[in-house]
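These notes concern the structure reproduced below.
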Amino acid sequence: QGRLVESGGGSVQAGGSLRLSCAASGYIRNTMGWFRQTPGKEREGVAAIAPDGTTTYADSVKGRFTCSKDESEDTLYLQMIDLKPEDTAMYYCAARDPVYKSPRLIPQVYQHWGQGTQVTVSS
């Protein structure tokens, strides 16, 4: 019954920053995550956050990306700094069913997905 709608993508130079938002009505109190995909590659987990605030990050983004949420606004965020060309991808917001709480970075264990927002980083 909920909705997931990403926004905030765009084109930036290497070293720049972006903050992605996911309007997550109906899912903000679930385990949620950010995933990304480029043509010809499998979708990969970027960051995830459990209902208690526990987060998981891919090694490639640790220290650069921060996943957070504002439950009062039903919004999930991904703050990205020091962006690199290899971060270029379509970024998706996703949610697990509420019984599943582990913030895993495996796309197959997320049941609900947004439409994606494009991030392009030029060198």
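The values are calculated or read from the model by the stated rules, or taken from the named source; none is laboratory data. Keep in mind it's a predicted model, so treat the numbers as computed, not measured. Glycine gets a Cβ as well: all are built from the backbone with ideal geometry, and neighbour counts include every protein chain shown. These area figures cover heavy atoms from the full protein model, side chains too; ligands, DNA and RNA do not enter into them. Shrake-Rupley method; radii C 1.70, N 1.55, O 1.52, S 1.80 Å.
Of note:
- Most mobile of Gly40, Gly15, Gly53 in a GNM of the chain (Cα contacts under 10 Å): Gly40
- Accessible surface, the chain, averaged per residue in Å² (probe 1.4 Å): 51
- Neighbours of Asp97 by Cβ distance under 15 Å: Lys/Arg scored +1, Asp/Glu scored -1, total +4.
- Stretched out straight at 0.36 nm per residue, the stretch from Asp59 to Ser122 would grow longer than its current Cα-Cα span by 20.5 nm.
- Cα-centre dipole for the chain with unit charges at Cβ (Lys and Arg positive, Asp and Glu negative), debye to 20: 160
- With all protein chains modelled, accessible area of Trp113 [1.4 Å, Å²]: 80
- Here's how it looks for Thr88: its modeled amide H is under 5 Å from those of Val121, which are all 5 or more places away or on a different chain.
- 13 Å beta-carbon shell around Pro107, net charge (K/R +1, D/E -1): +3
- Partners for Lys62 among lysines (Cα-Cα distance below 20 Å; same-chain residues under 8 apart left out): Lys84
- Using the Cβ-Cβ distance between Gln37 and Ser72 with R0 set to 22 Å, the FRET efficiency from 1/(1 + (r/R0)^6) comes to roughly 0.15.
- Other residues with beta-carbon under 14 Å from the beta-carbon of Gln37 carry, at +1 per Lys or Arg and -1 per Asp or Glu, a net charge of -2.
- Unpaired Cys in the chain, meaning no second Cys C-beta under 4.7 Å: Cys67.
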